[in-house]
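The values are calculated or read from the model by the stated rules, or taken from the named source; none is laboratory data. Note that the structure is predicted; figures quoted are calculated from it, not measured. With ideal geometry, Cβ positions are generated from the backbone for all residues, glycine too; neighbour counts draw on all protein chains shown. What goes into the accessible areas is simple: the full protein's heavy atoms, side chains included, and nothing from ligands, DNA or RNA. Shrake-Rupley method; radii C 1.70, N 1.55, O 1.52, S 1.80 Å.
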Amino acid sequence: MRLGVLDVGSNTVHLLVVDAHRGAQPVPQHSHKSELRLAEHLDPDGKLSRAGADALVRAAVAARKEADELECDELLAFATSAVRDAENTGAVLRRVAKEADVSLSVLSGEDEARLTFLAVRRWFGWSAGHLICLDIGGGSLELAAGPDEEPARAFSLPLGAGRLTRQWFGDDPPKRAEIDALEEYVAGELAEPARRLVADGAPDRVVATSKTFRTLARLAGAAPSSAGPRTRRVLTRTGLRQVQAFISRMASKDLAELEGVSVGRAHQVLAGAVVAGCAMDALGVDELELCPWALREGVILRRLDWIEG
């Protein structure tokens, strides 16, 4: 069957179309991203602004048209922290349903963590043993751990790279004091979840997903995307320290010129590096392995699991 997956995130709205059936690897056929930065459209009252809602509706209309033209059997549409955090979520969802004919589901943070964990488990298989999975988004950080396909523990924390950039950095590049204050805050927020993630013993493999981790790994010397998804990519704590020291002195416009850094996310890479480093320290790990599958693939796999054999 052909599935369309519409992922409404804090930074982008991403339509992924795959051909898939139960027991097979989903094969991407089409991918289209729109950079809306919805999290930046939340007004002082916590509501998604009219401009932000209009942009989301336009993106949903375009996605529905593309999905229909590509003859998708289903369009699975979901939203994460930006829409989840909005005070007017219900009104926004009704507009999307009425004007774009798209039924947009809002995932909880824990659901995000669990579905991402499922994708990582399927990618690496049972030989990966006891897994810990980390995913830094624009609005939140998801963490999950366990030996099975369903994680034994899953957490979602408001430590997304975009959110922290807006809340903690006033200058570009940030002052040293701003970075130090953010590191102290993130370390404090991670201490208890990290303790619980390793409560059942040290993991056999710690895996990272998301654009933020891919960017940091690329800056630390990992293979480019052109090398293909099956190329092994890692991010070491030493490499991350070097990257953070380097980019902490750069304005976002200069950082955006580096290979592997997108213009739209350049301003939040440093905050992402802080979260990644604090997470590695809290978990006591020196290396993360990158996984090309994440939340979207988890949604696809869960849907395929529901199809009767």
>> So if I check each of 216, 240, 270, which one is of a type outside the set (Phe, Trp, Tyr), in a helix (DSSP H, G or I) and over 20 Å from residue 133 (Cβ atoms)?
In response: 270
> Restricting attention to segment 135-172, which residues are acidic (Asp, Glu), under 15 Å from residue 294 (Cα atoms) and in a loop (DSSP other than H, G, I, E, B)?
Replying inline: 149, 150
>> Checking residue 265 against (1) closer than 21 Å to residue 172 by Cα; (2) more than 19 Å from the chain's Cα centre (by Cα); (3) of a type in the set (Lys, Arg), only one condition comes out false. Which one?
In response: (2)
> Here are some conditions: (1) part of a strand (DSSP E or B); (2) crowded, with 18+ Cβ neighbours inside 10 Å. Residue 105 meets all but one. Which one does it not meet?
Replying inline: (2)
> Which one of 93, 56, 76 is buried (at least 16 other Cβ atoms within 10 Å of the Cβ), more than 19 Å from the chain's Cα centre (by Cα) and not polar (S, T, N, Q)?
Replying inline: 93
> Would you pick out the residues in segment 21-41 that are of a type in the set (A, V, I, L, M) and in contact with a strand residue (DSSP E or B) (Cβ under 6 Å, 6 or more places away or on another chain)?
Replying inline: 27, 36
> So which of 101, 43 is among the charged types (D, E, K, R) and modelled with pLDDT of 95 or more?
Replying inline: 101
>> Quick check on my filter: what residues within segment 281-295 are outside any loop (DSSP other than H, G, I, E, B) and either basic (Lys, Arg) or farther than 29 Å from residue 26 by Cβ (or both)?
In response: 281, 282, 283
>> Can you tell me which condition residue 167 does not meet? The list is (1) open to solvent by 30 Å² or more (accessible area, probe 1.4 Å); (2) in contact (Cβ under 8 Å) with a residue 12 or more places away in the chain; (3) of a type outside the set (Phe, Trp, Tyr), and all the others hold.
In response: (2)
> Scanning for something more than 21 Å from the chain's Cα centre (by Cα), open to solvent by 30 Å² or more (accessible area, probe 1.4 Å), within 28 Å of residue 26 (Cα to Cα) and among the charged types (D, E, K, R), does segment 209-223 turn up at least one residue?
Replying inline: no
>> Exactly one of these conditions fails for residue 46: (1) in contact (Cβ under 8 Å) with a residue 60 or more places away in the chain; (2) small (Gly, Ala, Ser); (3) assigned to a loop (DSSP other than H, G, I, E, B). Give me its number.
In response: (1)
> When the residues of segment 224-258 are filtered to those that are within 16 Å of residue 175 (Cα to Cα) and polar (S, T, N, Q), which remaining residue is surrounded by the most Cβ atoms within 10 Å (Cβ to Cβ)?
Replying inline: 244
> What's the number of the condition residue 203 fails, among (1) more than 19 Å from the chain's Cα centre (by Cα); (2) closer than 23 Å to residue 182 by Cα; (3) crowded, with 18+ Cβ neighbours inside 10 Å?
Replying inline: (2)
> Inside segment 117-137, can you point out the residues that are open to solvent by 10 Å² or more (accessible area, probe 1.4 Å) and over 13 Å from residue 198 (Cα atoms)?
Replying inline: 122, 123, 124, 125, 126, 127, 129, 135, 137
